[in-house]
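Where a number appears in this text, it was derived from the coordinates with a stated rule and is not lab data. Bear in mind the structure is a predicted one, so any value in this text is a computation, not a measurement. Please note: Cβ atoms are built from the backbone with ideal geometry, for glycine as well, and neighbour counts cover all protein chains shown.
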Amino acid sequence: MQYAKLSNGVTIPQIGFGVWQVDEETEAPQAVAEALRVGYRHIDTAAVYKNERGVAKGIRESGVNREDIFLTSKVWNDDIRAGRTKEAFQESLDRLETDYLDLYLIHWPVDGFVDAWKDMIELYEAGKIKAIGVSNFKEHHLDTLAEEGLMTPMINQVELHPQFPQHDLHEYMQDAGIQIEAWSPLMQGKFLEVPVFAEIAEKHGKTPSQVVLRWHLDNGIVALPKSVTPSRIKENFDVFDFQLDADDLEQIDRVATDVRIGPDPDEIDF
Ligand SMILES: NC(=O)c1ccc[n+]([C@@H]2O[C@H](COP(=O)([O-])OP(=O)(O)OC[C@H]3O[C@@H](n4cnc5c(N)ncnc54)[C@H](OP(=O)(O)O)[C@@H]3O)[C@@H](O)[C@H]2O)c1
């Protein structure tokens, strides 16, 4: 495993297990238990994924100690707009069968995000969350928090992959001491349509998904691959025994089109 260090000294495993679109009852318990069995120690869920109970069940069934797992959840937009961040946090804790989170994030920068951030700072200062952060924040959203004189988020989780590498935002965040986390690190499976990953994979005796995830690691990014397929869960974690060379990185740079797969944070209507 490879770790990144957050601005407050907390360490975070650089590969986390994503569970968006993983069904609470039929998939989450098995997938989470399998991920923990092969070695993942970082799970990324959210209230809106409606699978926190299934994640808790997977953790329980795995036998891995809660304190050995880096667990993330996120406050959903409706709760941010309604000023319910603290209540939503407690509801997530209850569903996750835990009394603290390693990381809690503002899911999207919707109206009310500054007040939500103030609530999160209070939860952090009360010791209920090890690290706090935001998700889908652009530079101007981060600027707003700074202009309000509020604590700098420790993490910003954004869409990021070779097609959409977010160089400018990443540079801004490095200067501000904010760790970048990649959602849809595997381009929601579309990496399979890009031949260069297979070519580089063959050279290293690895697979295309491993090349994409290695690109994230080599760039200092925390990546959250999702899979409900046991062989892929294992494959996506087997990325710590090789490195990409300058030629590989140059070829992967050419994949960038700067086209998002997911929504633009300035244009969301949910
Ligand atoms: N903060 C946010 O707003 C936000 C938004 C989106 C996502 N996220 C987080 O980021 C995580 C990852 O993003 P994501 O779920 O959108 O997409 P992803 O991890 O980029 O891709 C997942 C897709 O790729 C497939 N896949 C996984 N490993 C594979 C492999 N080795 N070979 C071939 N196909 C493979 C999966 O299929 P199977 O599952 O069928 O194996 C699934 O269809 C989410 O689960 C969530 O935790 C956060």
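Would you mind putting 71-81, 160-170, 190-200 in packing order, based on average other-beta-carbon counts within 10 Å, highest first? The partial results should precede the final answer.
Values: 71-81: 22.9, 160-170: 19.5, 190-200: 15.7.
By packing density, highest mean first, the sequence is 71-81, 160-170, 190-200.
With +1 on each Lys and Arg Cβ and -1 on each Asp and Glu Cβ, and nothing else charged, work out how big the dipole of the chain is about its Cα centre, in Debye to the nearest 20. Let's see the in-between values first.
Details: 26 positive and 49 negative charges, 184 e Å.
Computed charge dipole of the chain: roughly 880 debye.
Could you please rank Arg254, Arg95, placing first whichever residue has the fewest other Cβ atoms within 10 Å of its Cβ? Could you put the intermediate results ahead of the total?
Numbers: Arg254 10, Arg95 19.
With the sparsest Cβ surroundings first, the list reads Arg254, Arg95.
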One finds the C-alpha centres of the stretch 190-252 and the stretch 108-136 to be spaced, in Å, by 32
Once the Cβ-Cβ distance between Asp238 and Gln174 is put in as r, and R0 is 22 Å, what FRET efficiency do you end up with, to the nearest 0.05?
-> 0.20
Considering the dipole of the stretch 3-253 built from charges on the beta carbon (Lys and Arg +1, Asp and Glu -1) around the Cα centre, which of Val22, Ala198, Ile80 is farthest to its positive end?
-> Val22
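GluC sites (Glu not before Pro), restricted to the stretch 134-178: which are DSSP loop and have at most 16 other Cβ atoms within 10 Å?
Details: sites: Glu139, Glu147, Glu148, Glu159, Glu171; in loops: Glu148.
Those that pass, being in a loop and sparsely packed, are Glu148.
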Value at 222 nm in deg cm²/dmol, rounded to 500, when DSSP H runs of n ≥ 4 in the chain each add -39,500 (n - 2.57) = -11500 deg cm²/dmol
Would you mind counting up the charge near Gly220? Only other residues with Cβ under 13 Å from its Cβ, with Lys and Arg at +1 and Asp and Glu at -1.
-> -1
From the backbone phi of the stretch 115-124, what are the Karplus-calculated ³J(HN,Hα) couplings (6.51 cos²θ - 1.76 cosθ + 1.60, θ = phi - 60°) in whole Hz, Gly and Pro given as x?
-> 5, 4, 5, 4, 5, 5, 4, 5, 5, 5
Per the rule of 0.36 nm per residue minus the C-alpha distance, extending Thr229 to Asp68 adds in nm 55.6 nm
